[in-house]
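A.B. asks: Below is one structure. I have some questions about it.
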Amino acid sequence: EDDFRKIGFSKDGKFQDPQIMLGLLVGEKGYPIGYELFKGNTFEGHTLIPALEKFQKKFNLIKPIVIADSGLLSKKNIEELKQKDYQYILGARIKNDTDVISKQILDLNLIEDGQSATIIKDDKDKLIITYTEKRAKKDAHNRKKGLTRLEKKVKSGKLTKDKINARGYNKYLHLKNDVNVEIDYDKFNYDASWDGLKGYVTNTNLSADAVISNYSNLWHIEKAFRMSKSDLQIRPIYHFTKRRIEAHISISFVAYTIYKELERLLYKYEAAFSVKTAREIIHNIYQLEITLPDSKTKEKILLNMDDEQKFLLSIIEKET
């Protein structure tokens with residue numbers, strides 16, 4: 001560890017390794033706008049406002065509608081967004097809301113695919129609830145899978161009270177006579193009433209469909225982070241000084257920008273292959289560098305290319 005690389009919360013369970021925090025801002029269709037680096041022990045929820053203000057100042061942006069997942073949904077964050085006059089669309093943790101709101105949600109009785117309803121909260125925010133059959137099937141599958149795993153552990157006798165916590169599907173466990181562990185099937189069955197439900201909190205005047213549609217675009221930034229970990233191999237970072245780490249992230253950001261631009265061109269010209277295939281095609285393009293015997297000048301000659309290579313080269317040349 002040092003002043004920049006800190007041990008902090010790790011979604012991958014790598015709590016023993018020093019890390020840095022990367023905040024990435026993307027626009028429509030995942031196009032990169034900018035990024036910000038933070039110390040590795042910075043709480044994710046504290047990075048939103050500083051990053052937004054810096055991006056606005058840097059690019060002279062009007063205040064955007066902020067779309068973020070439930071990981072950034074805290075009372076403090078929402079209050080700060082309101083104080084700064086931001087509009088927002090945030091993922092809602094509907095199961096963690098007040099008993100009054102929970103009852104209102106379940107009383108909606110949303111059972112038709114794509115059905116939605118709106119609840120006005122005490123703070124005047126709109127809570128939009130939607131139901132989809134696809135999500136209901138996924139929720140039910142995951143819940144049953146978690147229960148089966150718990151039943152197996154309880155039956156084996158390996159699940160003792162010191163192993164119990166309130167995370168994940170362990171919430172279905174409770175202590176019997178302060179000694180024996182058993183499964184709370186009533187809680188399991190109650191959770192079935194939440195299957196298929198998804199919530200969104202917003203202070204905008206957008207329609208429910210517009211809120212849901214805009215929130216669904218978050219997959220672009222999720223894809224950006226997945227790609228940075230895999231395709232770009234942004235980590236692990238084999239640098240120690242802050243300046244070199246910043247340079248490494250900068251190169252990765254530029255690479256991601258080039259990736260998105262190539263993706264746009266392939267779509268524009270209706271290419272029959274993906275960005276991944278395009279990368280493989282590029283690897284098989286060769287050129288020779290020769291020195292002319294009389295003038296001693298150097299020339300580069302591309303070797304014969306196949307149709308896909310010619311197509312790829314042509315669309316890049318058209319845009320440059």
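The values are calculated or read from the model by the stated rules, or taken from the named source; none is laboratory data. Because the structure is a prediction, the values reported are computed rather than measured. Here Cβ is always computed from backbone atoms with ideal geometry, including for glycine, and neighbour counts include all displayed protein chains. Surface areas here come from the heavy atoms of the whole protein model, side chains and all, with no ligands, DNA or RNA. Shrake-Rupley method; radii C 1.70, N 1.55, O 1.52, S 1.80 Å.
A.B. asks: Can you find a residue that is exposed (fewer than 11 other Cβ atoms within 10 Å of the Cβ), at pLDDT 75 or above and either under 30 Å from the mean Cα position of the chain (by Cα) or assigned to a helix (DSSP H, G or I) (or both) anywhere in region 198-208?
C.D. replies: yes
A.B. asks: Here's a follow-up. Take the conditions at pLDDT below 90 and either in contact with a helix residue (DSSP H, G or I) (Cβ under 6 Å, 6 or more places away or on another chain) or farther than 23 Å from residue 193 by Cβ (or both) and apply them to residue 123. Does it pass?
C.D. replies: yes
A.B. asks: Being over 18 Å from the mean Cα position of the chain (by Cα), surrounded by fewer than 17 Cβ atoms within 10 Å (Cβ to Cβ) and part of a helix (DSSP H, G or I) is the filter here, so list the residues in region 39-56 that pass it.
C.D. replies: 50, 53, 54, 56
A.B. asks: Please work out which one of (1) in contact with an Asp or Glu (Cβ under 6 Å, 6 or more places away or on another chain); (2) under 20 Å from residue 211 (Cα atoms) is the condition residue 49 fails and give its number.
C.D. replies: Going through the list (1) in contact with an Asp or Glu (Cβ under 6 Å, 6 or more places away or on another chain); (2) under 20 Å from residue 211 (Cα atoms), residue 49 breaks only (2).
A.B. asks: From the list 220, 239, exactly one residue is surrounded by 12 or more Cβ atoms within 10 Å (Cβ to Cβ) and at pLDDT 90 or above. Which is it?
C.D. replies: The match here is 239.
A.B. asks: Do we have residue 189 as modelled with pLDDT of 85 or more, open to solvent by 30 Å² or more (accessible area, probe 1.4 Å) and in contact with an Asp or Glu (Cβ under 7 Å, 6 or more places away or on another chain) here?
C.D. replies: no
A.B. asks: Can you spot a residue in region 248-264 that is open to solvent by 70 Å² or more (accessible area, probe 1.4 Å) and within 21 Å of residue 40 (Cβ to Cβ)?
C.D. replies: Yes, some residue in region 248-264 is open to solvent by 70 Å² or more (accessible area, probe 1.4 Å) and within 21 Å of residue 40 (Cβ to Cβ).
A.B. asks: Sort through 249, 258, 234, 282 and tell me the only one that's among the aliphatic types (A, V, I, L, M) and over 22 Å from the mean Cα position of the chain (by Cα).
C.D. replies: Exactly one of 249, 258, 234, 282 is among the aliphatic types (A, V, I, L, M) and over 22 Å from the mean Cα position of the chain (by Cα), namely 282.
A.B. asks: How many residues does region 75-107 hold that are closer than 15 Å to residue 45 by Cβ and surrounded by fewer than 10 Cβ atoms within 10 Å (Cβ to Cβ)?
C.D. replies: 1
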